[in-house]
Amino acid sequence: MITRDVRRAVDRAVAAAGFRPGTDPGLRPTGTPGQYAASVALTLGANPRGTAATLAAALTGEQWIAAAEVTGPGYLVITVTPEALAAVADDVTAAGSACVTSSALAGLTVPAASADDPLAAANWEEARAALAARLTARLAAAAGATVADLRPEERERLTLPAHPSSPTGPEPPVGGASRRVANRDSGAGAGPHRCGDQKTVPDAKPRSRETDVARAVAFAGRDEVTFTLARAIPGQLVQVDPRIIARRVPGNPAYAVRYAHARAASGVRWAAVSAGEKTASPATAVAADGSDTVANFAIGPGSRDSGGSGGAPPPEKLLDALSWLPERVAIAARRGRPDEFARYLEDLASVTVDVLSSASHPGNATRGDGRAPGTDRLTLARAARTGLAAGLGLLGVSAPERL
């Protein structure tokens, strides 16, 4: 993964310049695929611009780095080679669920979260806070931190158990159980009542203790509620409408990220089926399990220029988004803001759907036609499916192959 490689390269350059290694590089995207800005020089010494120039000279010695430039008061802008960016897709797929991991927070210890189910909390804010604490610990562990009092089962896997959704659950009651009880206790349905009698007839049924959170889970599904709470910004009022988060529309983040994963998975399946119909050409053959790359899913001509026909995004945009997976995990963990990682997954989901949908209809193109390896549709679909599944797993949300 490029951001992991950039982090290591910057650390080597920092050590070679006589500074203490292990300083956070402060990586941030520039908006250009394959470019990574670093603010590390601003934290080293009294001459950040001179320090940045020294680091840039060391970084240009890396074969996979095309350029390292100094901007502003001492920022580094590192540009990787096209080949390095194209390799991201295969790297993500090969890493599997470990594509989100790094050693960025190695040596840091963070507290373990409560073992109680966050969605069993009494109200939305308590549920959000409990889930945020759990996810922060999980993200930190993925970034190499030590989590104190980590349970054995948590050491074995970084993801929470997947819970199936229940999108067809019962309609949530309007007004809640307490309103129903109040209506039942007043009026004709309340039972006989004599004037002056201080006793009231007891309810036929006990009051419901079901919380708003539990009702939302029953109606919309655990995955939907979990993702909605994971993306909730701390300090802001938590408002969750079960009817909205249960909607299967692109505008619903709780659905959109999981849909993007299913969309990528369907692309891999379709590629395998399509390749089975083209067995006459060895160059386009693929195993039934999709284990080999087919180039007949290559991005069409024009999509690699400034947006391509109709503004279609180039494949490099998806490769760039995927390259940030481990770094986004580390940043969210360091800041204690799992909502930032959830929103990054939303961005990754959006570019996944855009890029895969804009790919040309499968033809007979091969990898010898001049297209960069790693930019064909099947390779991109595999990588997106892997990255989105790993990210959702960290949030405790399932990643279905079909929706």
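The values are calculated or read from the model by the stated rules, or taken from the named source; none is laboratory data. Because the structure is a prediction, the values reported are computed rather than measured. Note that we place each Cβ from the backbone using ideal geometry, even for glycine, and neighbour counts take in every protein chain shown. Side chains included, ligands, DNA and RNA excluded: accessible areas come from the protein's heavy atoms. Shrake-Rupley method; radii C 1.70, N 1.55, O 1.52, S 1.80 Å.
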Quiz prompt | Subset of the stretch 43-64 (residues that are of a type in the set (A, V, I, L, M), modelled with pLDDT of 95 or more and open to solvent by 60 Å² or more (accessible area, probe 1.4 Å)) | solution = Ala57
Self-check item: Matching residues in the stretch 51-94 - criterion: being touching a residue at least 60 places away in the same chain (Cβ under 8 Å), β-branched (Val, Ile, Thr) and either in contact with a Leu (Cβ under 6 Å, 6 or more places away or on another chain) or under 19 Å from Arg28 (Cα atoms) (or both)
Solution: Ile78, Val80, Val88, Val92
Quiz item: Can you tell me which residues in the stretch 245-262 are open to solvent by less than 30 Å² (accessible area, probe 1.4 Å) and assigned to a loop (DSSP other than H, G, I, E, B)?
Solution: Ala246, Asn252
Quiz prompt | Check on Thr43, among the hydroxyl-bearing types (Ser, Thr, Tyr) and more than 22 Å from Pro326 (Cα to Cα) | solution = yes
Quiz item: Just for the stretch 74-92: of the residues that are open to solvent by 10 Å² or more (accessible area, probe 1.4 Å) and in a loop (DSSP other than H, G, I, E, B), which one is farthest from Glu62 (Cα to Cα)?
Solution: Ala87
Self-check item: Checklist (1) surrounded by fewer than 19 Cβ atoms within 10 Å (Cβ to Cβ); (2) in contact (Cβ under 8 Å) with a residue 40 or more places away in the chain applied to Arg4, failing item
Solution: (1)
Exercise. Might you let me know whether the stretch 3-25 holds any residue that is outside any strand (DSSP E or B), at pLDDT 95 or above, under 25 Å from Thr386 (Cα atoms) and among the aliphatic types (A, V, I, L, M)?
Key: yes
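Looking only at residues in the stretch 29-42 that are farther than 13 Å from Gly74 by Cβ and touching a helix residue (DSSP H, G or I) at 6+ places or on another chain (Cβ under 9 Å), which one is surrounded by the fewest Cβ atoms within 10 Å (Cβ to Cβ)?
Thr32
If we only count helices (runs of 4 or more DSSP H) wholly inside the stretch 308-403, which ones have 1 or more residues that are open to solvent by less than 10 Å² (accessible area, probe 1.4 Å) and modelled with pLDDT under 95? Outline the logic, then answer.
Values: elements: 315-323, 325-335, 338-358, 377-395.
Because the criterion is at least 1 residues that are open to solvent by less than 10 Å² (accessible area, probe 1.4 Å) and modelled with pLDDT under 95, the helices (runs of 4 or more DSSP H) in the stretch 308-403 that meet it are 315-323, 338-358, 377-395.
Does the stretch 263-281 contain at least one residue that is closer than 30 Å to Thr352 by Cβ, in a loop (DSSP other than H, G, I, E, B), open to solvent by less than 50 Å² (accessible area, probe 1.4 Å) and modelled with pLDDT under 95? Even if it seems obvious, please write down each step before you answer.
Quick first cut of the stretch 263-281, residues closer than 30 Å to Thr352 by Cβ only: 263-279, 281.
Add one more test, that the residue is in a loop (DSSP other than H, G, I, E, B), and what stays is 277-279, 281.
Going one step further and asking which of them are open to solvent by less than 50 Å² (accessible area, probe 1.4 Å), we end up with 281.
Within this subset, residues satisfying the condition of being modelled with pLDDT under 95 are 281.
Looking for residues that are closer than 30 Å to Thr352 by Cβ, in a loop (DSSP other than H, G, I, E, B), open to solvent by less than 50 Å² (accessible area, probe 1.4 Å) and modelled with pLDDT under 95, one finds at least one in the stretch 263-281, hence yes.
Can you name every residue in the stretch 227-244 that is open to solvent by 10 Å² or more (accessible area, probe 1.4 Å) and not in a loop (DSSP other than H, G, I, E, B)?
Applying the first criterion (open to solvent by 10 Å² or more (accessible area, probe 1.4 Å)) to the stretch 227-244 yields 228, 231-244.
Within the stretch 227-244, Thr228, Pro242, Arg243, Ile244 meet the criteria.
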Self-check item: Number of the condition not met by Ala67 [criteria: (1) assigned to a strand (DSSP E or B); (2) surrounded by 15 or more Cβ atoms within 10 Å (Cβ to Cβ)]
Solution: (2)
